[in-house]
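Note sheet for the following structure.
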Amino acid sequence: MELKTYHIKKDNKDIIDLYINTFTQASNKTEGERIGQLVEHIFQTSKTQDIHAFTASNNKCIIGCIIFTPLNLTNARSTHLLSPVAVHSQHQKQGIGKKLIQFGLEELKHKGTEWVMTYGDPEYYSQFGFSWISEKTIIPPSPLS
């Protein structure tokens, strides 16, 4: 398995399809489409240089992806939002998601990011040093469900 920086293109269909398929199989078609639309929205509305995407590949086929985007807070700290993470359903439970998160966090740290936030499962993300804070403390950039 190879971990690397994903270079944003005009057409990011391979990544969007990964998210749609992964979340459709994990939940349902509606959730898959919703997450696919979120990823497409990130690619379309964010400056390319602001998106930090990292992939896991197996024989040149992308099997996992993690995306970080800037989160503008009122402090002067460099902060990114981790959202979302996808690992192809046939490759889950092999530690690929963990390796992607660790790889992405290290890469951002080298680029000067001081804080990373996510709206995921506190128990899962605590293994990477995340701690729970209230949505009232830092308001999400989009409504959460």
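A few notes on this one:
- No other residue among 99, 60, 111 is of a type in the set (Lys, Arg) and either within 16 Å of the chain's Cα centre (by Cα) or at pLDDT 95 or above (or both) apart from 99.
- Unmet requirement for residue 107, which otherwise passes all of (1) free of Cβ contacts under 8 Å to residues at least 60 places away in the same chain; (2) open to solvent by 30 Å² or more (accessible area, probe 1.4 Å): (1)
- Residue match in the stretch 117-137 (condition: surrounded by fewer than 17 Cβ atoms within 10 Å (Cβ to Cβ), assigned to a helix (DSSP H, G or I) and acidic (Asp, Glu)): yes
- When residue 81 is tested against (1) over 15 Å from the mean Cα position of the chain (by Cα); (2) in contact (Cβ under 8 Å) with a residue 40 or more places away in the chain, exactly one condition is not met: (1).
The values are calculated or read from the model by the stated rules, or taken from the named source; none is laboratory data. On a predicted model such as this, the values are computed, not experimentally measured, just so you know. With ideal geometry, Cβ positions are generated from the backbone for all residues, glycine too; neighbour counts draw on all protein chains shown. Heads up: the accessible areas ignore ligands, DNA and RNA and are worked out on the full protein's heavy atoms, side chains in. Shrake-Rupley method; radii C 1.70, N 1.55, O 1.52, S 1.80 Å.
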